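Okay, so here's the structure we're looking at.
Just so you know, all these numbers are worked out from the coordinates, no wet-lab data involved. Just so it is clear, the structure is predicted and the values come from calculations on it, not from any experiment. Here the Cβ positions follow ideal geometry from the backbone for every residue, glycine too, while neighbour counts run over all protein chains shown.
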Amino acid sequence: MMTDKNKTIWIEYLVFLCVVSAFGLITENTYYLQIMTFIGINTLLALGLNMLMGYTGQVSLGHAAFYGIGAYTTAILSGTYAINPWLALVCAVAAAVLIAFIVGLPTLRLSGYYLAMGTLGFGMIVNIVIREWGDVTGGASGFVGIPVLEAGSLVFMSGASYYFLVWGIVFAAIIICRRLLASRTGRALRAIHDGENAAVAIGINTHALKLEIFMFSAALGAVAGFLYAHFVLFISPESFGFMFSIKIVTMVVIGGMASVWGALLGAAVLTLLPEVLHGFAEYEMIVFGTVLMVVMIFMPQGLTRGIMDIIRTARRARA
Amino acid sequence: MLKIKNLKCCYGNIAVVHTVSLSVRQGELISIIGANGAGKSTLLGAVCGLLKNWSGEIEFKGRSLKGMSAPAIVSQGISMVPEGRQIFSPLSVMDNLKMGAYTRFRKEGKTRVAQDLDRVVQMFPILRERSDQLAGTLSGGEQQMLAIGRALMARPALLVLDEPSMGLAPKIVGMIFETIQTLRDTGVTILLVEQNARAALKIADRGYVLETGKMVLQGSADELLVDDDVKRAYLGKDYGDFLDGRNQ
């Protein structure tokens, strides 16, 4: 039984690696590569939020804040102060984790709607700070002059090299999340989701664990922000606002809660859809909204579960 | 092993349990009986650290539990089977059992936990059969066994059960109570809270009767089973059965 499970996991990883590398090697169109890179960055965000929301059941409406903290920390350190971007990455993650700790300590005592409201407020505060702290962040007009990432003789400019950098990190993040979920901690997270009282009664320190997973998801968000900043080289507060927080939540829900591949699928759909729908011109948002509604009506458990169910019924019908 | 003195528990300003005292000695099976709203579950909540707002004294193995968090109390050796089972339904049966040993993994390592896992599934063979099934798909009785198994995985010195008979068919209730008795015989100290007074007293060594937050009676289980007040209030006899009033 265990080996069977392990085998499917390895097959999944292999398929993932094959698809990602094949796409990266074959595609030369920079536009497609760019879209795929954004999908990777959004996958990191959705993965982080999925750990918190999908598995632990704690809704955060301020996840874009950590994305912004990651992006602006690296932008300021490497752009203004000319610090090595990789060192700036460490600082960005540390900053996000520290802020998650400070914010999470009181807010994670809340639950349900109240937690959502608390994190919503936090997201807005961060956005306002970015917007108003003009001397440091460039204010509403944005931050210019973020250096390009380099590692030895490798320069990560837009195109295939950045694509592989991002997807390499996504792959690592997927493995880390998977390992975490299969462990004792993962079981405890799902236990909190199902019944926090029962979880406390068997000896789980739920508050500490929720805080830890909040910090973990903040770290993933900061990594995504770092990758975003050094990819587009120009950042402005709008990218990290309330609407983007909602978008990350939508990715998790559409893809399928409590599923690692669901995060990937949700991020892909929500990144691709606006691009595909450009053809609809002024009707774009209407079609976008309709697609989301249809998915939720017919696949309330998200795309991953929905598609798996369809495959299963098809198989049964054939047998 | 467990001593409670002058316990008072409040929800907000309302005292639900007042001046309750009881003791549980090593190896005993103690039943607390009482009607709905008597404060039984509140009392257990205080013992297990789920309820913070209490005054008085609760001592376990000579150490006060005042201010101790629920996880810390589990580490002290008190493990609870919560009311209504509260198993983790989206997790597999095996994962539920492993969750029971949550506080032990770091201290004792995997092999000892695996041994206990074996012991528990030997006691409840049905759990082995269903080990990969989601816990939510089990029947009520199986879920109760899982909840007890999960609590045992913490290797408790004191096992606390909150209404294990709730919502189960009489035959299953019988099985659950037999299991509780077997557990006592293997040396686990047990504190049982029940509405099903007759069944709870039959297997207990001593009993306490809780009424609207006060301890009104206590004694050996045999005494309580024949006590007229208990009979009237909890065993389904009314005053009509006592022709000559209280016959003592």
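Using the eigenvalues of the Cα gyration tensor, what equivalent ellipsoid semi-axes result for segment A:178-319 when each is taken as the square root of five times the eigenvalue, whole Å, largest first? Mind dumping the intermediate values first?
Numbers: eigenvalues 181, 129, 35 Å².
Taking √(5λ) for each eigenvalue gives 30, 25, 13 Å, largest first.
What do the square roots of 5 times the Cα gyration tensor eigenvalues come to for segment A:18-65, in whole Å, largest first, as semi-axes of the equivalent ellipsoid? Don't skip to the answer; put the middle values down first.
Values: eigenvalues 176, 30, 4 Å².
Each semi-axis is the square root of five times an eigenvalue, giving 30, 12, 5 Å.
Distance in nm between label sites at A:V90 and A:I176, each 7 Å beyond Cα in the beta-carbon direction?
Modelled inter-label distance: 1.5 nm.
Output the pairs from A:K5/B:K98; B:K5/B:K171; A:K210/B:K110 with a Cα-Cα distance over 30 Å in this structure; if there are none, say none. If you can, show how the numbers build up before the last one.
On the way: A:K5/B:K98 18 Å; B:K5/B:K171 37 Å; A:K210/B:K110 24 Å.
Beyond 30 Å between Cα atoms: B:K5/B:K171.
Please report the relative contact order for chain A, taking Cα pairs under 8 Å with a sequence separation of at least 6, and give it as a percent rounded to a whole number.
31
How much length is gained on full extension from A:T8 to A:R316, taking 0.36 nm per residue of separation minus their Cα-Cα distance?
Working: separation 308, 0.36 × 308 = 110.88 nm, distance 2.06 nm.
Result for the pair: 108.8 nm of gain on full extension.
Counting only C-alpha contacts under 8 Å and six or more residues apart, can you give the relative contact order of segment A:93-203 as a whole percent?
Working: 34 pairs, mean separation 7.9, N = 111.
For segment A:93-203, the relative contact order is 7 percent.
If neighbour count is taken as other Cβ atoms inside 10 Å, put B:M80, A:M251 in order from fewest to most. Walk me through the intermediate numbers first.
Details: B:M80 31, A:M251 26.
Fewest-to-most ranking of B:M80, A:M251: A:M251, B:M80.
So what's the back-of-envelope 222 nm ellipticity for chain A, counting only DSSP H runs of four-plus at -39500 (n - 2.57) apiece and dividing by all residues, rounded to 500? Present the calculation step by step, with values, prior to reporting the outcome.
Details: 14 runs with 234 residues, N = 319.
Calculated from helices alone, the mean residue ellipticity at 222 nm is -24500 deg cm²/dmol.
Beyond 14 Å, what percent of the Cα pairs of segment B:5-66 remain? Please list the in-between numbers first.
Details: 1060 of 1891 pairs.
Beyond 14 Å sits 56 percent of the P(r) for segment B:5-66.
State the three equivalent ellipsoid semi-axes of segment A:1-129, derived from the C-alpha gyration tensor as the square roots of 5 times its eigenvalues, in descending order and whole Å. Mind dumping the intermediate values first?
Working: eigenvalues 184, 119, 39 Å².
Sorted largest first and rounded, they come to 30, 24, 14 Å.
Given an 8 Å cut-off on Cα distances and at least 6 residues of separation, report the relative contact order of chain B as a percent.
On the way: 459 pairs, mean separation 65.3, N = 248.
It rounds to 26 percent for chain B.
Among the chymotrypsin sites (Phe, Trp or Tyr not before Pro) in segment A:58-136, which ones are in a DSSP loop with at most 11 other Cβ atoms within 10 Å of the Cβ? Mind listing them?
On the way: sites: A:F66, A:Y67, A:Y72, A:Y81, A:W86, A:F101, A:Y113, A:Y114, A:F122, A:W133; in loops: A:Y81, A:W133.
Of the chymotrypsin sites (Phe, Trp or Tyr not before Pro), the ones in loops of segment A:58-136 whose Cβ has at most 11 other Cβ atoms within 10 Å are A:Y81.
Sorted from largest down, what three extents in whole angstroms do the Cα atoms of segment B:23-134 have along their principal axes?
44, 34, 28
Once every Cα of chain B carries one equal point scatterer and solvent is ignored, give the base-10 log of I(q)/I(0) from the Debye formula at q = 0.08, 0.10, 0.16, 0.17 Å⁻¹, two decimals.
After summing over all Cα pairs, the log10 values are -0.31, -0.49, -1.19, -1.31.
Given N residues in segment A:82-136, what is its alpha carbon radius of gyration divided by 2.2 N^0.38 Å? Don't skip to the answer; put the middle values down first.
Working: Rg = 14.0 Å, N = 55, 2.2 N^0.38 = 10.1 Å.
Normalised by 2.2 N^0.38 Å, the Cα Rg of segment A:82-136 equals 1.39.
Against the empirical 2.2 N^0.38 Å scaling, what ratio does the C-alpha Rg of segment B:80-156 come to?
Values: Rg = 11.3 Å, N = 77, 2.2 N^0.38 = 11.5 Å.
Against the empirical 2.2 N^0.38 Å value, I get 0.99 for segment B:80-156.
Which one, B:S89, A:P237, A:I130, projects farthest toward the positive side of the charge dipole computed for the protein assembly as shown from Cβ point charges (K/R +1, D/E -1)?
B:S89
Report the rotationally averaged projected area of segment A:2-240 based on its alpha-carbon convex hull, in square nanometres.
14.2
What are the extents of the Cα atoms of segment A:125-257 along their three principal axes, listed from largest to smallest and rounded to whole Å?
53, 37, 27
For the protein assembly as shown, state what percent of all Cα-Cα pairs lands in each successive 10 Å bin, counting from 0 Å until the bin that includes the largest distance.
Pair shares across the bins are 3, 15, 22, 20, 15, 12, 7, 3, 1, 0, 0.
For A:V129 and A:R109, what is the calculated FRET efficiency with R₀ set at 30 Å and r taken between the beta-carbons, to the nearest 0.05?
Details: r = 24 Å, r/R0 = 0.79.
The computed FRET efficiency comes out at 0.80.
Give the calculated FRET efficiency between B:A35 and B:R112 to the nearest 0.05, with a Förster radius of 41 Å applied to their Cβ-Cβ distance. Numbers along the way, then the final one.
On the way: r = 42 Å, r/R0 = 1.01.
E between B:A35 and B:R112, to the nearest 0.05, is 0.50.
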